[in-house]
Amino acid sequence: MRIPVSISFETFRIRLIDLIIFFLIVGIFSLIVYIASQWGAPYERSLEIELGLQNIFGYAVQSIVRIFFAYLLSLIFSIWYGYAASRSKIRERIMIPLLDILQSIPVLSFLPGVVLAMIAIFPEKRIGLEIACVLLIFTGQVWNMTFSFYHSINTVPREMVEVVKVFKWNKFSKFLRLDLPFSAIGLVWNSMMSVAGGWFFLMACEMFVLEGKDFRLPGLGSYIQTAANKGDIVNVIYGLGTMIALIILIDFIIWRPIIVWSQKFRLGSIPPEEERESFVYNLFVSSVFLRRIGDLVSNVINKIERLYYKEFPLVRSPFFKVVSKGVSISFLFIIMLAIMWALFKAFYLVSSISLVDIFLIIKASFYSLLRVFAALLIALLWTLPVGVFIGLNPRAAKYLQGIVQIAASVPATAIFPVIILFIIRFGGGLDIGAILLMLLGTQWYLLFNIIAGASAIPKDLIEISRAYKIKGLKRWKTLILPGIFPYLVNGLITASGGAWNATIVSEYVSFGGGIIKTVGLGALISSSSASGDFRFLLLSTCFMSLIVVSINRLVWKRLFILAKTKYVLE
Amino acid sequence: MEKEVIIETKGLKKSYLVGRRNEITVLEDVNLRIYAGEFVSILGQSGAGKSTLLRAMAGLIEPTEGEVLYKGVPLKKANAKIAVVFQSFALFPWFTVLENVKVGLIGQDLDEQEMNERAIKAIDLVGLDGFEDAYPRELSGGMRQRVGIARAFVLEPELLLMDEPFSALDVLTADNLRGDIVDLWKGGKMPAKAVVLVTHNIEEAVSISSRAIIFSYNPGRIKADIPLELPYPRDKSSREFKFLLDKIYTILIKPPEEVPFLLAAGRYQFLPHAKVGAIAGLVELVHDKGGRVDIYKLSSELSMEVDDIFPLIESAVILDMGEIKDGDFILTEIGKDWAEADTLRKKELFKESALKNVQLINQITQVLTTVSKHRMSEDFFLDILKHHFTPEESRNQLETAIDWGRYAELFTYDYDSGELYLEEASIINSKT
């Protein structure tokens, strides 16, 4: 019997990378503290965003801190919500459909409620608006992560759950050592998508008009917005460039290493090649300093876990059980009361709506529906041939994939000002322009899925169709379309959701000091949020939620089931 | 001296509710006792509820009726003294070998030092020393299952339950691991006082266990309880060994009631999952061998598992093409005719036999001839089947019937509409 005794010389050697990481951590920490210290300051109503290269860095850092906090909040919420829903059948039946609905509500519909509440809690303080902004970014990031986590912990293999039962693990151990690792890979991918979504809505969340009043926070989003409002194209490009550089940098030093690290949570199969190596990851792994921190953290977690197994007489006592039950029941009661109150208020608001208003909303919905449809169609028209080409030609994929990825990482909202400039200069109006703007945000989902689908078509099927000289339209009908169908449906589902969400920022755009808008449900939501017309906001949000959820149920879900059963290549 | 009873089941029944009203019984009236010092194999075909029984004995599932007693005390939930080895290994890919073995100790209140000591001891016992820091993905299948076994040993259980532990391994690796288990057992090094092994491999059971319990299926009941008293190491080529193999094969394939596959006492006929092509292959092969073969010999010649060859033999029996006697499979006159016939005649013979002997095919054909369009949705038949089988099994039953019906040119199936319909020819036939 040997117990490895490990005191090696290496432990005492501090490498350059350790020093760098140490200063990096100290630096990041003090930056966050500094930024947070400003939040206590009184809110300046007439905050001016100062344009110019020398100021960009400061703004960018503040935006990153906001996205970071929003992401942290999303992560905690996702894990709590997903876990809570999966632990009880009754909760599951309420919480999962609720999630479906919440997901369909656009960010701007949350805006007035969140902002007004925060201002009421922290009157005249900047922190109120900061928290509101973080919460808004949060509403754009959280849902897909929650779905992913919930889905993961529900698909843990039965035998692994049985192992946990046989060896009498408690809930904490199961969560820490089975549920969390098992859902890691899905959570990482969805985190990346969510943070990208955070950049997308940054402009809308950092600078907005509510009840006719201007609200601004210093940040990269408001920088680009301000530059666009002044028609200062040079500064728009500076802001845009900074944003793209940041996104690429974050991908390189955060997401890549995390993806490589998360491969150890994969069940069975070998990870794809591009997910095995990361320069930064190798650096991190070689750092003694980081390893020490890692050991410390795991020690603390182990201690906590051990604590959970000690018998607490108080926790086991019937008195404690009664108290905890009482607390949870009263909690539920308060939530129910709040919902009743909200429903009552909402009913009161909506009751003053006239038939004309409803007609207006229906008309707007119709226009938005057409636009979403057109955007999807146009996206399909170009991504289908291009995606299939890239997917079927490994050599082309090598070069084009990288370019496509960078192009896709640019948040479409940041390019809006440039596009708007073109629309204004060359005509066309936002009526058509909105489709272009929605297209920018959603086409990538489709393209990536089609590339993935085309590259997954088995080589022998391609060879057989070549041998039988199946070409042109016939080849598309017999080989390519059925082959990529599941991926295509998946891409369409995401793209359609994205397009609906994009209507609120593309049908109603502030530019050059004025507002450009068109008829549509998104414009209705945006404008009623800006003017503080809550009954319109509520009703149009309900309409959008209804449309999105029913399209999901009626169209996408059916296609998805068809894709899963008939068009699966094994 | 009375031997100590480790685990006992009394009138155990497990059934699942399918839909609102239908109940599928997986296990029925299982009474069994496992004594200290025993290595018991539980044998049966897939669907005999063997794994369900094992999980009930582990306290992982609650029986519908009856109870499980662990050392005389009712077992309500999993017990740390009853360890389980799983077919799929169920290792945690994010843990090293050492950490995977420590998985068994986390639920105990031990300090780090003691956990390491115990885990390393278990790892040494299964011969994995030196691999403590490897991840499961770096190990071969055999070594992974050794980790699974070490994990089960680490708590020094009284009872070790193994759920087809070797069936995910290739033949040589499985043999090797099996040998090591027998050595541990015989050498008294195994921590457990008793072992229960679930398997469908008869040779495996005969070569390592001290008792074999044979289950019937649909629902699972104890069919026979046979002591295996050959001395270790067991010589697979000895006459006694072969005799035991043959005996168990015969018991396994012989149904508890003498009318096996036909509708008996309200039970719906169970179609084995076999494709017509494979049945034909078997019948022709047996015909070439003179019309009579030893089932065990045949399966080892073809290197097929019991689970693969049984459905073929059963199908042939259902279709009246063969019969079973003393562990041998013998072709009937119809079977011989079928083996010699050309393709058209073959179909003809198959059709006659299927209509006469296969309840489901007969039923489908009758329904389709009666309805005016000669088409019927599959859901109609699935609904009927769901009264007798699980939803999954109902689908299997219908798929088998469709395969046979297609071959017999009785009816066929339209995948897109999910409908069964009569072949043109058979409509004419049924009219004449």
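The values are calculated or read from the model by the stated rules, or taken from the named source; none is laboratory data. Remember, it's a predicted structure, so these values are computed and weren't measured experimentally. With ideal geometry, Cβ positions are generated from the backbone for all residues, glycine too; neighbour counts draw on all protein chains shown.
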Fill in: Top-ranked residue in region A:285-303 [being assigned to a helix (DSSP H, G or I) and touching a residue at least 24 places away in the same chain (Cβ under 8 Å); ranked as farthest from the other protein chains (Cβ to nearest Cβ)]
A:289
Discussion item. I'd like to verify a number: residues in region B:222-245 that are surrounded by 18 or more Cβ atoms within 10 Å (Cβ to Cβ) and touching an Asp or Glu at 6+ places or on another chain (Cβ under 9 Å), how many?
Written reply: 2
Discussion item. Among the residues of region B:36-51, what is the count of those that are outside any loop (DSSP other than H, G, I, E, B), modelled with pLDDT under 90 and farther than 12 Å from residue B:221 by Cα?
Written reply: 1
Item to complete: Scan region B:161-173 for residues that are among the charged types (D, E, K, R) and more than 11 Å from chain A (Cβ to nearest Cβ) and jot them down.
Response: B:164, B:170
Fill in: Selected residue (only one of A:518, A:503 is closer than 24 Å to residue A:382 by Cα and among the β-branched types (Val, Ile, Thr))
A:503
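For residue B:112, indicate whether it is more than 9 Å from chain A (Cβ to nearest Cβ) and either over 17 Å from residue B:156 (Cα atoms) or modelled with pLDDT under 90 (or both).
no
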Discussion item. If I go through region B:131-160 residue by residue, how many of them are at the interface with chain A (Cβ under 10 Å from one of its Cβ atoms), more than 25 Å from residue A:171 (Cβ to Cβ) and part of a loop (DSSP other than H, G, I, E, B)?
Written reply: 3
Worksheet item: So residue A:254 fits all but one of (1) assigned to a helix (DSSP H, G or I); (2) out of contact with any strand residue (DSSP E or B) (no Cβ under 9 Å at 6 or more places or on another chain); (3) in contact (Cβ under 8 Å) with a residue 60 or more places away in the chain; (4) not polar (S, T, N, Q); what number is the exception?
Response: (3)
Worksheet item: Limited to region B:77-130, what total is found for residues that are in a helix (DSSP H, G or I) and not charged (D, E, K, R)?
Response: 12
Item to complete: Determine which single condition residue A:144 fails, assuming it passes every other condition in (1) crowded, with 19+ Cβ neighbours inside 10 Å; (2) out of contact with any Ser or Thr (no Cβ under 7 Å at 6 or more places or on another chain).
Response: (2)
Worksheet item: Which of (1) crowded, with 22+ Cβ neighbours inside 10 Å; (2) closer than 30 Å to residue A:216 by Cα is the odd one out, the single condition residue A:545 does not satisfy?
Response: (1)
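Among the helices (runs of 4 or more DSSP H) contained in region A:83-194, which hold 1 or more residues that are within 14 Å of chain B (Cβ to nearest Cβ), farther than 17 Å from residue A:208 by Cβ and of a type in the set (Phe, Trp, Tyr)?
A:171-174
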Discussion item. Condition check: buried (at least 16 other Cβ atoms within 10 Å of the Cβ) and either part of a helix (DSSP H, G or I) or under 30 Å from the mean Cα position of the chain (by Cα) (or both). Does residue A:384 satisfy that?
Written reply: yes
Discussion item. Cβ contacts < 9 Å: first residue touching a residue at least 12 places away in the same chain (Cβ under 8 Å), restricted to region A:408-434; second residue surrounded by 21 or more Cβ atoms within 10 Å (Cβ to Cβ) and of a type in the set (Asp, Glu), any location; separation 6+ or different chain. Result?
Written reply: A:430/A:507; A:434/A:507
Discussion item. Quick check on my filter: what residues within region A:318-371 are surrounded by 14 or more Cβ atoms within 10 Å (Cβ to Cβ), over 18 Å from residue A:520 (Cα atoms) and under 29 Å from the mean Cα position of the chain (by Cα)?
Written reply: A:346
Discussion item. The conditions are (1) over 19 Å from residue B:250 (Cβ atoms); (2) among the basic types (Lys, Arg); (3) under 22 Å from the mean Cα position of the chain (by Cα), and residue B:297 fails exactly one of them. Which is it?
Written reply: (1)
Worksheet item: Which numbered condition trips up residue B:194, out of (1) under 22 Å from residue B:56 (Cβ atoms); (2) modelled with pLDDT under 90; (3) surrounded by 15 or more Cβ atoms within 10 Å (Cβ to Cβ)?
Response: (2)
Practice prompt. Sort out which residues of region B:115-130 are crowded, with 17+ Cβ neighbours inside 10 Å and more than 8 Å from every other protein chain (Cβ to nearest Cβ), and write them in order of number.
Written response: B:115, B:118, B:119, B:122, B:123, B:125, B:126, B:128
Worksheet item: So which residues in region B:352-362 are in contact with a Phe, Trp or Tyr (Cβ under 9 Å, 6 or more places away or on another chain) and either farther than 20 Å from residue B:24 by Cβ or buried (at least 17 other Cβ atoms within 10 Å of the Cβ) (or both)?
Response: B:353, B:354, B:357, B:358, B:360, B:361
Item to complete: Could you tell me whether region A:398-406 includes any residue that is assigned to a helix (DSSP H, G or I), among the hydroxyl-bearing types (Ser, Thr, Tyr) and touching a Ser or Thr at 6+ places or on another chain (Cβ under 9 Å)?
Response: no
Discussion item. Return the residues of region A:258-304 that are surrounded by 11 or more Cβ atoms within 10 Å (Cβ to Cβ), modelled with pLDDT under 80 and over 17 Å from residue A:21 (Cα atoms); say none if nothing qualifies.
Written reply: A:266, A:267, A:271, A:274, A:275, A:276
Fill in: Qualifying residue in region A:172-187 (condition: within 21 Å of the chain's Cα centre (by Cα) and over 30 Å from residue B:104 (Cβ atoms))
no
Worksheet, complete the sentence: If we ask which residues in region B:369-418 are buried (at least 17 other Cβ atoms within 10 Å of the Cβ) and of a type in the set (D, E, K, R), their number turns out to be 5
Item to complete: Output yes when any residue across region B:52-59 is surrounded by fewer than 17 Cβ atoms within 10 Å (Cβ to Cβ) and either assigned to a loop (DSSP other than H, G, I, E, B) or facing another protein chain (nearest Cβ under 10 Å) (or both), and no when none is.
Response: no
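Suppose we filter region B:81-105 for residues that are more than 19 Å from residue B:136 (Cα to Cα) and facing another protein chain (nearest Cβ under 7 Å); how many remain?
Selection size over region B:81-105: 1.
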Discussion item. Can you pull out every residue in region A:397-418 that is of a type in the set (A, V, I, L, M, F, W, C) and either surrounded by 13 or more Cβ atoms within 10 Å (Cβ to Cβ) or closer than 30 Å to residue A:229 by Cβ (or both)?
Written reply: A:397, A:400, A:404, A:406, A:407, A:408, A:410, A:412, A:414, A:415, A:416, A:418
Fill in: Of all residues making up region A:207-251, the number that are of a type outside the set (A, V, I, L, M, F, W, C), over 21 Å from the mean Cα position of the chain (by Cα) and assigned to a helix (DSSP H, G or I)
8
